[in-house]
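Report on one structure; see the data block that follows.
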Amino acid sequence: MMHDHTTEPRARLREELLARARRDTEARTAVPVGRDPEEWRRAVAPVDRDNTAWLRDVIGEHGWPGRSLVGEDGAHAAWLLVQHAPHDLQQRCLPLLREAVAAGEAEATELAYLEDRVRCHEGMPQRYGTQYLRLPDGEVRLYEVEDPEGLDERRAAVGLEPHSDYDTRIRAGA
């Protein structure tokens with residue numbers, strides 16, 4: 001029986017991305033962040049460190065792991081991991097993800113989230129209104145938005161829901 005060995009590494013990479021995304025989500029939901037921020041950090045930090053080191057290697061070897069390499073769910077898992085990575089890796093991945101979106105290899109919505117996250121970290125207003133700051137009392141506050149009047153138009157252009165709907169969901173989950 002003949003095997004296509006080129007698909008095996010891709011399948012393994014996809015499975016590893018999915019497993020790491022599951023661990024990321026499990027760590028983040030094990031302890032409610034507002035209840036005990038220190039305990040939450042202790043649960044999340046080791047997972048983030050491990051995922052970041054691994055993702056750096058993947059990006060170095062493959063570039064952005066897009067749909068044709070790891071499938072839709074694998075590409076989404078890569079995005080989830082980079083959302084929780086240190087700023088330097090997010091900066092490195094931003095142009096790679098931008099190219100992947102242009103090539104049809106990733107979702108424009110995911111690029112919007114990463115772009116906002118990088119901009120907020122750099123003290124710049126976000127473009128798509130995806131990033132909120134959790135306050136000590138458990139409430140959330142929207143980070144500054146560039147050109148608020150054009151926000152919903154920019155969101156619609158990348159496939160995001162109107163900001164008022166998103167804001168309601170964020171605040172309901174705060």
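The values are calculated or read from the model by the stated rules, or taken from the named source; none is laboratory data. Every value quoted in this text rests on a predicted model; they were computed, and no experiment measured them. Note that we place each Cβ from the backbone using ideal geometry, even for glycine, and neighbour counts take in every protein chain shown.
General observations
- Screening the candidates Gly138, Gly159, Gly60, Gly173 for the property of being surrounded by fewer than 17 Cβ atoms within 10 Å (Cβ to Cβ), modelled with pLDDT of 95 or more and outside the structural domain of Arg41 (by TED's automatic domain parsing) yields one hit, Gly159.
- Any hit, the range 90-111, residues being part of a loop (DSSP other than H, G, I, E, B), in contact with a His (Cβ under 8 Å, 6 or more places away or on another chain) and either farther than 20 Å from Asp24 by Cβ or among the aliphatic types (A, V, I, L, M) (or both): no
- Of everything listed in (1) in contact with a strand residue (DSSP E or B) (Cβ under 6 Å, 6 or more places away or on another chain); (2) surrounded by 14 or more Cβ atoms within 10 Å (Cβ to Cβ); (3) not in a helix (DSSP H, G or I), the single unmet condition for Tyr128 is (1).
- Filter result for Pro65 (part of a loop (DSSP other than H, G, I, E, B) and under 19 Å from Leu17 (Cβ atoms)): yes
- Filter pass, Val33 being modelled with pLDDT under 90, in contact with a helix residue (DSSP H, G or I) (Cβ under 9 Å, 6 or more places away or on another chain) and farther than 14 Å from Asp73 by Cβ: yes
- Checking Arg35, Arg22, Arg12 one by one, the residue that is under 23 Å from Leu133 (Cα atoms) and without any contact (Cβ under 8 Å) to a residue 12 or more places away in the chain is Arg35 and no other.
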